[in-house]
Amino acid sequence: MSDHARGWKLRIGFRADASSELGTGHLMRCRALARSLRRKGAEIAFFSGRLPEWLAGELRSDGFRYIRLDGAPDDPEPMKDALTREACGSYDWLVVDHYGWGERQESAVAPHVRHLMVIDDLANRRHVCDLLLDQNDVLHIHERYMKLVPASVRMLLGSRYALLRDEFSVARKSLRPRDGHVRTLFVCFGGTDPTNETAKALEALNADCFSELTIHLVVGRSHSRLDQIIRLCENDSRIRLHIQTNQVAKLMAESDLALTSGGTITWERYCMGLPGLVIAVADNQKEIAMSGHRSGVDWYLGESRDVSMDQVRTALLEAMSDPERLRMAQRAASERVDGCGADRVADIMLKADEWR
């Protein structure tokens, strides 16, 4: 019988970082999984480098411990030291979601925890773990890790395991029917938007042909040009500016189309049945965006450095002019993700003694 079945509280740690340069996606998807695990009775701690104070506060408000790590992000020694200091009780799981970590770092910390899980979407380095999660739907997903992990590793692959906050599964239950016409546009380029695609989008939308749109513009508190964005929105009655909102699912549900980056927000949109015009703002977003384009859900415009304001405007007009195509995309998006991925992954982790 597993410790969880006996009623013992599991201790689960997460190794993930966030900053204006890295963005917040890694930490946020870990936070979604951590919330599910906590609801199922686990104790949660985040082992991270220096976080923006607001983000550290978000973790604490969730009831999670934040244990700050000093030193280089790819150095496993601070993590080992922290686990040693925590020796009052070993961690049942350590979840690593970090592009700077691979076989060397994971091997160093593995002896200090019962089980090790890795979240990855690059498939560009070897891993030593018990469980690997790649929540993205890309070509050859079942082949990408064959030479990168031991044969004994259990792999959770595809958007069935997308780690979304529970607000999405809740909002999905009351989604309104859409008719393919675009009245409300959702605009978001991640928590930090280092290339300031938000300003490019606002410039593209500054045209008479979009005068009837309602625009939900979502930016993070750590947006690279937040003051500029606030000024651009001040005198535009179409725009509802949302800074660090916890109502993303609701805003997506109210919208008919998105203008957005790739990454985790893809699976949030799909859960809400919301297709998008997608601009990749990081290398790891390109395959996801191309997959969405191939499946007929999204329009992939290209990498941020190659996409102009005029291209955004033209693509948006084309999408708005084809309600039937958009209706099909809305249905296809909704069928891809149901919002229950975090609970699925949490249940598998809690039953590790049964499948290990």
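When the residues of the stretch 57-75 are narrowed to those that are of a type in the set (A, V, I, L, M) and not in a helix (DSSP H, G or I), which ends up farthest from residue 220 (Cα to Cα)? Don't jump to the end; show me each part of the working.
In the first step, residues of the stretch 57-75 are kept if they are of a type in the set (A, V, I, L, M); the result is 59, 67, 69, 72.
Those still in the list that are not in a helix (DSSP H, G or I) too: 67, 69, 72.
Working: 67: 23, 69: 24, 72: 25 Å.
Applying the filter and picking the extreme gives 72.
When the residues of the stretch 102-141 are narrowed to those that are among the charged types (D, E, K, R) and within 19 Å of the chain's Cα centre (by Cα), which ends up surrounded by the most Cβ atoms within 10 Å (Cβ to Cβ)? Quick ask: steps written out before the conclusion?
Here is the first cut: in the stretch 102-141, the residues among the charged types (D, E, K, R) are 103-104, 106, 114, 120-121, 125-126, 130, 134, 137.
This time we only want the ones that are within 19 Å of the chain's Cα centre (by Cα), so: 120-121, 134, 137.
Details: 120: 25, 121: 23, 134: 21, 137: 22.
By that ranking, first place goes to 120.
Looking at residue 183, is it surrounded by fewer than 18 Cβ atoms within 10 Å (Cβ to Cβ), of a type outside the set (Ser, Thr, Tyr) and closer than 15 Å to residue 257 by Cβ? Don't jump to the end; show me each part of the working.
Details: surrounded by fewer than 18 Cβ atoms within 10 Å (Cβ to Cβ): yes; of a type outside the set (Ser, Thr, Tyr): yes; closer than 15 Å to residue 257 by Cβ: yes.
In short, yes.
Only residues that are open to solvent by less than 60 Å² (accessible area, probe 1.4 Å) and over 19 Å from residue 21 (Cβ atoms): list them for the stretch 64-77, please.
Matches in the stretch 64-77: 64, 66, 67, 76.
Can you tell me which residue in the stretch 216-225 is nearest to the chain's Cα centre (by Cα), limited to those that are over 20 Å from residue 56 (Cα atoms) and open to solvent by less than 60 Å² (accessible area, probe 1.4 Å)?
Residues of the stretch 216-225 that are over 20 Å from residue 56 (Cα atoms), as a first pass: 216-218, 225.
Those still in the list that are open to solvent by less than 60 Å² (accessible area, probe 1.4 Å) too: 216-218.
Working: 216: 19, 217: 18, 218: 15 Å.
Ranking the candidates gives 218 first.
Residues in the stretch 273-283: is at least one of a type in the set (Gly, Ala, Ser) and in a helix (DSSP H, G or I)? Steps first, please.
From the stretch 273-283, those of a type in the set (Gly, Ala, Ser) are 273, 276, 280, 282; that's our starting set.
Okay, now just the ones that are also in a helix (DSSP H, G or I), so none.
No, every residue in the stretch 273-283 fails to be of a type in the set (Gly, Ala, Ser) and in a helix (DSSP H, G or I).
So which residues in the stretch 237-252 are open to solvent by 30 Å² or more (accessible area, probe 1.4 Å) and closer than 18 Å to residue 193 by Cβ, if there are any at all?
240, 241, 242, 243, 244, 245, listed by residue number.
Test residue 281 against the criterion of being among the β-branched types (Val, Ile, Thr) and open to solvent by 10 Å² or more (accessible area, probe 1.4 Å), and give yes or no.
Working: among the β-branched types (Val, Ile, Thr): yes; open to solvent by 10 Å² or more (accessible area, probe 1.4 Å): yes.
In short, yes.
Check 86, 43 and return the single one that is in contact (Cβ under 8 Å) with a residue 24 or more places away in the chain, open to solvent by less than 40 Å² (accessible area, probe 1.4 Å) and more than 22 Å from residue 134 (Cα to Cα).
Numbers: 43 fails: open to solvent by less than 40 Å² (accessible area, probe 1.4 Å).
After applying the criteria, what remains is 86.
Select from the stretch 46-56 the residues that are open to solvent by less than 30 Å² (accessible area, probe 1.4 Å) and either in contact (Cβ under 8 Å) with a residue 40 or more places away in the chain or not in a loop (DSSP other than H, G, I, E, B) (or both) and list them in ascending order.
Passing the criteria: 46, 47, 48, 55, 56.
Does residue 270 satisfy the condition of being under 27 Å from residue 18 (Cα atoms), among the aromatic types (Phe, Trp, Tyr) and either part of a helix (DSSP H, G or I) or at pLDDT below 95 (or both)? Outline the logic, then answer.
Details: under 27 Å from residue 18 (Cα atoms): yes; among the aromatic types (Phe, Trp, Tyr): yes; either part of a helix (DSSP H, G or I) or at pLDDT below 95 (or both): yes.
So residue 270 passes the test.
Is one or more of the residues making up the stretch 253-261 among the polar types (S, T, N, Q), open to solvent by 60 Å² or more (accessible area, probe 1.4 Å) and not in a strand (DSSP E or B)?
No: the stretch 253-261 contains no residue that is among the polar types (S, T, N, Q), open to solvent by 60 Å² or more (accessible area, probe 1.4 Å) and not in a strand (DSSP E or B).
Within the stretch 186-212, which residues are in contact with a helix residue (DSSP H, G or I) (Cβ under 7 Å, 6 or more places away or on another chain) and free of Cβ contacts under 8 Å to residues at least 40 places away in the same chain?
Hits for the stretch 186-212 are 198, 199, 202.
Does any residue in the stretch 123-147 that is under 18 Å from residue 98 (Cα atoms) and among the charged types (D, E, K, R) come within less than 6 Å, Cβ to Cβ, of a residue that is at pLDDT 95 or above and part of a strand (DSSP E or B) six or more places away or on a different chain, and which pairs are these?
130/115; 130/116; 134/157
Exactly one of these conditions fails for residue 167: (1) closer than 30 Å to residue 132 by Cα; (2) surrounded by fewer than 20 Cβ atoms within 10 Å (Cβ to Cβ); (3) in contact with a Leu (Cβ under 6 Å, 6 or more places away or on another chain). Give me its number.
(3)
The values are calculated or read from the model by the stated rules, or taken from the named source; none is laboratory data. Source: prediction; values computed, not measured. Using ideal geometry, Cβ is built from the backbone for each residue, glycine included, and neighbour counts are taken over all protein chains shown. Keep in mind that these areas ignore ligands, DNA and RNA; they rest on the heavy atoms of the full protein, side chains included. Shrake-Rupley method; radii C 1.70, N 1.55, O 1.52, S 1.80 Å.
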